[in-house]
Amino acid sequence: MKRRDTARVSAPYLPIFLVSAAAMVFQVAQTRLFSASFGYHLAYLVISVSLLGVGFGATLSALFDRRARRPGPPALALALAASALIALVAETRIDPNRVIALAVLAAYVLGSLPFVFASWIVVRNLKADPFRSGRLYASDLAGAAGGSLVALAGISVIGVPALYGLAATLAAAAALVAAPRAARSAVGLALAATALVALAGWSEQLTPPLPGPVKSEVVGPGIIHEAARWDPQARVDVVRYTDLESSLPYDFLMDRSYTAPRPASLQMFLDLGASTPILDGGGELNALRASVIAAPYALVDRPSVLVIGPGGGIDIQNALVHGARRVDAVEVNRGVVELMSGAFAAYSGDVYGGPGVRIYEDEARSFVRRSAASYDVIVMTVVDSWAALASGSYALTESYLYTEESFGDYLRHLEGRGVMAVGRWYRDPPLEMVHTAQLAGRALRGRGVADAGRHMMVLRHGNFGLLLARLSPFDTASAAAVRRFAGEHGFEVAYDPLDPRPPFADAIADRSAIPATDDRPFFFAADPSDGRIPVAHLILYLALFPAVVLSYALLLLPVRRTVRGALGTPAARRATLQAAGLGFGFIGAEIVLLQRLTLYLGQPAVALAFGLAALLAGAACGSALAARPRLGVAGSALLSALLVTGLLGAMTWISDATLAWALPARLLISATCVAAVGVPLGAVFPQVVARAAAEDARLVPWVWAMNGVASVIGSILAVALAMNAGFTAVGLCAAGCYVLVALASVTRVRSPVSLAPRETNPAPRRI
């Protein structure tokens, strides 16, 4: 008993917890910095690269841990700390506009190294003591869960660059815990903590993000940088252009013949791409009457208005200029609200605190579903980035603002003759505006409207389009009011319900078209009509090929050479199938659960961090409980399949029943549901590891590498499947993977393998 207690004390649970937390903090920092510098599609691929690094760590463990001279855990933890800081320096020093290939390559390679070292530490301990794999794996998952929450809280407080310093500090602390008397560990912790303090206080001077080719310049000649702030949703920059016309940021909305004075403006950028003007509240705001976004006010007087995504406040100012008696505005980005209510309140004329204006810091879709209010005008003007759309990067973005169900929610909150105005970019062919009209058409038919085309009009001004939709049809008087407004300002009427013409008339009447839905919310990935491969699919194809090649070359091939003699056995084949099934199944279940929480909780960043933390915490508990298996691999896998499938159906009912509850209550419900699913999910893998180790210890790195390969490829395949068949299909496939794991288990060995330490000298059996 004394020997066993000593082993428990000396087990590296705390170092594993710390390095896993460091790796998760680093991943959050990478995705935020990538999103700001390069775009959403590259930020998405960070996940795949991190999983590749996790698998490569297992490969290195298999290759080098058998040697007498190998790096110890403190050295690996310090390498993690150093690689995190090196990645930050490289990513903020190599200009993507000059050498984009080198910038992306450096970010990918350097961005994988912290995960390599973290994984190496975890896999080494799993190999050294596979019968404690449940508790070791639980420490790994618990650290990742804690790191996710710490990173979410830290973004707004210390900024994204400082998160790199925090990751380095956590890793250096792990090194010191593993070797408390080592001088280099103490020095490493001191240096990492110094970097954290420096980055928290002077990151804009030391490591400012560099905008990529499709991003906007926020620093340079003729640009005065007024403010910068990191937020879980986006980085927010406010700039002033000194060598350009001050009204240029909103010129695309204005009547080209309008020559009267216009208010000056600043420009607010989100993630160095999406932009929104901040108009000078002391200027001549009546100029907005000559803008295309004034069109809905030609149909209503003294309206109550809902603004979705107010940004710099131009839609609020437009509503007030037109005599709105009440304006509710829903802004998801906390940084935007803080800047508009604080530093730029005076400049904008306190537009966020204007008469009758109420700001809600929330995700608009969730707010609308919970609200009981009705409005005369609902406005949503280009709530995303034109630059991002031009690059195709938003093709992989799940947008719950542009789905059939969301448009139905908006229409449900309109007064009898109220109007919804949705501004989108208008290009030839006008695919984006056509798909917007199709969403409105399906939503109108869902509200009992027979001829949806009679309830819409579309205006065009250059590259900008405006859809007007309402529950009451456009009659002669209302259509004439919109045509008169457009004629006075030189705007084109692209679709008139009293004179319907292609392409909008055909698209609205086409009942076979399937636009974006809540289950398949990829509005920007809609198939083009010219037969070319959609940009979203092209991105996935390009990501899948290197993922497969690199996974095989870096993960499987080196490990296979070290365990070649063990791979031909039935146990190896079973372990390979189970590891692959768990990799595909876990990543698929994770993606679906987070998707469901995004709608339920509203705030995407909170849903991501909190949902991921709850899932990993539940999985950590399951891994710890795996030391005393009762269900075994088959039972745990089948329970996982049942819970994933059940939660897919239950979340709709839970959401409808509790969506109006306060956020803390919904967080508690979410944590309970997701953690409950995570418990059996986390219990399966350590049992598979233990069973493989019982057959042949050489199989442990192979199982870890195979699981990593499946996770890398599965993260891409899951998105591809969601885009084509929806997230429900992804969830069912994930459940199917766990069923496959269960079947593979019972076909070989029916009794569960205990994860408790074996007795080294068992008592002789009496015959």
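Within segment 612-631, take every residue that is modelled with pLDDT under 85 and part of a helix (DSSP H, G or I) and give me the one that is surrounded by the most Cβ atoms within 10 Å (Cβ to Cβ).
Ser623
What number of residues within segment 176-211 are polar (S, T, N, Q) and free of Cβ contacts under 8 Å to residues at least 40 places away in the same chain?
If we filter segment 176-211 for residues that are polar (S, T, N, Q), which is where we start, we get 185, 194, 203, 205, 207.
Filter once more, so that each one left must be free of Cβ contacts under 8 Å to residues at least 40 places away in the same chain: 194, 205.
Residues flagged as polar (S, T, N, Q) and free of Cβ contacts under 8 Å to residues at least 40 places away in the same chain within segment 176-211 amount to 2.
Within the set of pairs 6 or more residues apart or between chains, which connect a residue that is of a type in the set (S, T, N, Q) inside segment 420-445 to a residue that is in a helix (DSSP H, G or I) with Cβ atoms less than 7 Å apart?
Matching pairs, first to second residue: Gln438/Ala507; Gln438/Ile508.
Quick one: how many residues across segment 506-557 are in the same structural domain as Arg442 (by TED's automatic domain parsing), modelled with pLDDT of 85 or more and surrounded by fewer than 16 Cβ atoms within 10 Å (Cβ to Cβ)?
Looking only at that region, the number is 3.
Need a quick list: helices (runs of 4 or more DSSP H) entirely within segment 1-99 having at least 1 residues that are at pLDDT 85 or above and basic (Lys, Arg).
Counting at least 1 such residues, we get 13-37.
Quick check on this structure: which one of Phe485, Phe474, Phe491 is in contact with a Leu (Cβ under 6 Å, 6 or more places away or on another chain), farther than 25 Å from Phe523 by Cα and modelled with pLDDT of 95 or more?
Sole residue among the options that is in contact with a Leu (Cβ under 6 Å, 6 or more places away or on another chain), farther than 25 Å from Phe523 by Cα and modelled with pLDDT of 95 or more: Phe491.
Taking the options Thr728, Thr672, name whichever one is part of a helix (DSSP H, G or I), surrounded by fewer than 24 Cβ atoms within 10 Å (Cβ to Cβ), among the β-branched types (Val, Ile, Thr) and in contact with an Asp or Glu (Cβ under 7 Å, 6 or more places away or on another chain).
Just one listed residue meets the conditions, Thr728.
Determine which member of the set Val236, Val330, Val292, Val307 is within 22 Å of Val379 (Cβ to Cβ) and touching a Lys or Arg at 6+ places or on another chain (Cβ under 8 Å).
Exactly one of Val236, Val330, Val292, Val307 is within 22 Å of Val379 (Cβ to Cβ) and touching a Lys or Arg at 6+ places or on another chain (Cβ under 8 Å), namely Val236.
Of all residues in segment 202-216, how many are in a loop (DSSP other than H, G, I, E, B) and either in contact with an Asp or Glu (Cβ under 9 Å, 6 or more places away or on another chain) or surrounded by fewer than 21 Cβ atoms within 10 Å (Cβ to Cβ) (or both)?
Qualifying residue count for the region: 9.
Inspect all residues belonging to segment 641-653 and state whether any of them is in contact (Cβ under 8 Å) with a residue 24 or more places away in the chain, of a type outside the set (S, T, N, Q) and within 14 Å of Gln687 (Cα to Cα).
Checked segment 641-653: no residue is in contact (Cβ under 8 Å) with a residue 24 or more places away in the chain, of a type outside the set (S, T, N, Q) and within 14 Å of Gln687 (Cα to Cα).
Being at pLDDT 95 or above, of a type outside the set (D, E, K, R) and farther than 21 Å from Ser61 by Cβ is the requirement here; does Leu163 meet it?
yes
Within segment 408-441, restricting attention to residues that are hydrophobic (A, V, I, L, M, F, W, C) and out of contact with any helix residue (DSSP H, G or I) (no Cβ under 7 Å at 6 or more places or on another chain), which residue is surrounded by the most Cβ atoms within 10 Å (Cβ to Cβ)?
Taking segment 408-441 first, the residues hydrophobic (A, V, I, L, M, F, W, C) are 411, 414, 419-422, 425, 431, 433-434, 437, 439-440.
Going one step further and asking which of them are out of contact with any helix residue (DSSP H, G or I) (no Cβ under 7 Å at 6 or more places or on another chain), we end up with 414, 431, 433.
Values: Leu414: 21, Leu431: 17, Met433: 27.
Of everything passing the filter in segment 408-441, Met433 is surrounded by the most Cβ atoms within 10 Å (Cβ to Cβ).
Check segment 564-580 and report whether any residue there is under 30 Å from the mean Cα position of the chain (by Cα), buried (at least 23 other Cβ atoms within 10 Å of the Cβ) and within 24 Å of Leu717 (Cα to Cα).
Scanning segment 564-580, I find at least one residue that is under 30 Å from the mean Cα position of the chain (by Cα), buried (at least 23 other Cβ atoms within 10 Å of the Cβ) and within 24 Å of Leu717 (Cα to Cα), so the answer is yes.
Does at least one position in segment 89-107 carry a residue that is surrounded by 20 or more Cβ atoms within 10 Å (Cβ to Cβ), touching a residue at least 60 places away in the same chain (Cβ under 8 Å) and polar (S, T, N, Q)?
Taking every residue of segment 89-107 in turn, none turns out to be surrounded by 20 or more Cβ atoms within 10 Å (Cβ to Cβ), touching a residue at least 60 places away in the same chain (Cβ under 8 Å) and polar (S, T, N, Q).
May I ask you to verify whether Ser156 is surrounded by fewer than 18 Cβ atoms within 10 Å (Cβ to Cβ), in a helix (DSSP H, G or I) and not aliphatic (A, V, I, L, M)?
On the way: surrounded by fewer than 18 Cβ atoms within 10 Å (Cβ to Cβ): yes; in a helix (DSSP H, G or I): yes; not aliphatic (A, V, I, L, M): yes.
Yes.
Got a sec? Which of Leu466, Leu444 is within 11 Å of Leu411 (Cβ to Cβ), within 31 Å of the chain's Cα centre (by Cα), hydrophobic (A, V, I, L, M, F, W, C) and crowded, with 24+ Cβ neighbours inside 10 Å?
Leu444
Please identify the pairs in which a residue from segment 146-162 that is more than 14 Å from Arg334 (Cβ to Cβ) and assigned by TED's automatic domain parsing to the domain that holds Gly111 has its Cβ atom under 6 Å from the Cβ atom of a residue that is among the charged types (D, E, K, R) and assigned to a helix (DSSP H, G or I), counting only partners at least 6 apart or on another chain.
Note: pairs meeting the criteria are Val160/Arg32.
Residues that are of a type outside the set (Phe, Trp, Tyr), in a helix (DSSP H, G or I) and not assigned by TED's automatic domain parsing to the domain that holds Phe407: does segment 324-332 have at least one?
From segment 324-332, those of a type outside the set (Phe, Trp, Tyr) are 324-332; that's our starting set.
From the residues that got through so far, the ones that are in a helix (DSSP H, G or I) too are none.
No, every residue in segment 324-332 fails to be of a type outside the set (Phe, Trp, Tyr), in a helix (DSSP H, G or I) and not assigned by TED's automatic domain parsing to the domain that holds Phe407.
The values are calculated or read from the model by the stated rules, or taken from the named source; none is laboratory data. This is a predicted model, so every value here is computed, not measured. Quick reminder, even Gly has a Cβ in these numbers, built from the backbone with ideal geometry, and neighbours come from all protein chains shown.
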